[in-house]
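Shown next, in C-alpha cells, is the structure this report addresses.
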Amino acid sequence: MGSAPRGSRRAALGLLLQVLLGWGSAQQPGSCPAPCECSEAARTVKCVNRNLTAVPPDLPPYTRLLFLTGNRLASLPPGALLSLLPALRRISLGHNTWVCDCCIEHLVSWLKESDQVEGKGALKCSYPDKMQDKALVKTNSSDLDCSVPVDIQSQLQTSYVFLGIVLALIGAIFLLVLFHREDSKQNKRTEANARFSLITKILQDCKQIKIKIT
C-alpha cells in the first residue's frame, strides 16, 4: 500500500528532471533552430525553403556560412546578423520577397558595403510594383522615398488627438442644439401662458362691463 505512492512520486520526479534537462539543453547557445539544419563541424546553418518571414532566433554563434535562400524575407533589421554572429563570413539571401520601402534602406546600405553576401547583385525587389525586379544594390534612398522619416507611433498619436477633438466638437454641437430646443419650448410655453392670461383678463373686463351696463 505504502510503496505505490512512493513509486508514483519517484516516477513523477524522474519525469520532471527529464523535462528540466531537456529544456536546459534546448536553451544552450550552440543549439540549432527548429526550421534549420546545422553542422557544427562545417560551421554551417541552412534555413532553406522554409517560408521564413524573419531570421530564426538563437542561431549558433559558431555560424560561418548561413543560407537563408528560398524564404519570404522582406527585409533585415540593421545589424541583426553581424551583432549576433561574430564568426559569420558568408551569407546567402537569394529568392526572397524583398519589399523595397523605407524599412529596407539599412539592408541596401549594408549590401553595398559588405562582401559577405553571396550573389548580392542578383537580389531584387519583389514589391512594390514600381520597384519590381530592381537590384537592391542599385537602389537609392530617393527610390525608396525616405527623405522624411516615418514615425508611425507619432502619426497614430496625432490621429487619436484629432479624433478626440472632432468627437468633442460633435458633442458640444449636440448639447447646444438640445439646449436651444429646450429654450424654444420654454419660450413657447411662456408666450402661451401670457396669451392665456391676456385672454382671461379681457374676458373678465368684458364681464365687468356687461354687469355695469345691466
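Each value in this text was obtained by applying a stated rule to the coordinates, not by laboratory testing. Bear in mind the structure is a predicted one, so any value in this text is a computation, not a measurement. For neighbour counting, all protein chains shown are included, and Cβ atoms are generated from backbone atoms with ideal geometry for every residue, glycine included.
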For this session: May I ask you to order 127-136, 193-202, 40-49 by the average number of other C-beta atoms within 10 Å around their residues, highest value first?
Result: 40-49, 127-136, 193-202
Exercise. Considering only the other residues whose Cβ falls under 15 Å of the Cβ of residue 113, what net charge follows from Lys and Arg at +1 and Asp and Glu at -1?
Worked result: +1
Problem set entry | Peptide ranges 110-120, 67-77 listed from the most packed, as the mean C-beta count within 10 angstrom indicates | 67-77, 110-120
Problem set entry | Cut-off 9 Å between beta-carbons: net charge of the residues surrounding residue 36, Lys and Arg +1, Asp and Glu -1 | +1
